[in-house]
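Inspection log for the structure reproduced underneath, given as C-alpha cells.
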Amino acid sequence: MPNGQMMTDEEKVDTSYQACMLLEAGDEEGYDRLMRTIPLPPYLAKVFKEKVGLDCLLKLNWNLSEVEAEFGSDWLLR
C-alpha cells in the first residue's frame, strides 16, 4: 500500500532542490508536500512504525515505495 513511486538518486536530489526553492520562496507547505514525495528510507520507516506507530506514519503521507520494495508488500501488517 505504498503511496508514491521509486526514484533514482538523481530524481531525489532534483526533488530536494525544487523543495528547497519553495522553502526559500516562503512556501513551507509546498516544501513539506514535495519532500514527502521522496521515498522514505526503509530503516526510518521501520523505526518510526515501532516508536510512534503505524497510524501516525500513514497519516504523514510519506512515499513508502522503498519500504515495500525492501520489506515486502505486507510490511504494514507485521
Next item on the list: Would you work out the relative contact order for the chain, in percent, from Cα pairs under 8 angstrom that are 6 or more residues apart?
Entry: 40
Notebook entry, point to check: Taking the Cα centre of the chain as origin and charging only Cβ (+1 Lys, Arg; -1 Asp, Glu), how large is the dipole, in debye to the nearest 20?
Noted result: 420
Next item on the list: Rank the residues 46, 51, 12 as a footprinting-exposure proxy: fewest other Cβ atoms within 10 Å of their Cβ go first.
Entry: 51, 12, 46
Next item on the list: Arrange the following residues from fewest to most other Cβ atoms within 10 Å of their Cβ: 27, 74.
Entry: 74, 27
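Which FRET efficiency value, to the nearest 0.05, is calculated for residue 51 and residue 23 with the Förster distance at 35 angstrom and r the Cβ-Cβ distance? Intermediate results must be reported in sequence, preceding the final value.
Details: r = 27 Å, r/R0 = 0.76.
Result of the calculation: an efficiency of 0.85.
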Notebook entry, point to check: With each pseudo-label sitting 7 Å past Cα toward Cβ, what's the residue 14-residue 58 distance in nm, one decimal?
Noted result: 3.2
Next item on the list: Mind sorting 65, 73 by how few other Cβ atoms lie within 10 Å of their own Cβ, fewest first?
Entry: 73, 65
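What is the projected area of the convex hull of the Cα atoms of region 9-77, averaged over all directions, in nm²?
Seen from a random direction, the Cα hull of region 9-77 projects 4.9 nm² on average.
Any read-out appearing in this document is the output of simple, stated calculations on the displayed coordinates, not a laboratory observation. Source: prediction; values computed, not measured. Glycine gets a Cβ as well: all are built from the backbone with ideal geometry, and neighbour counts include every protein chain shown.
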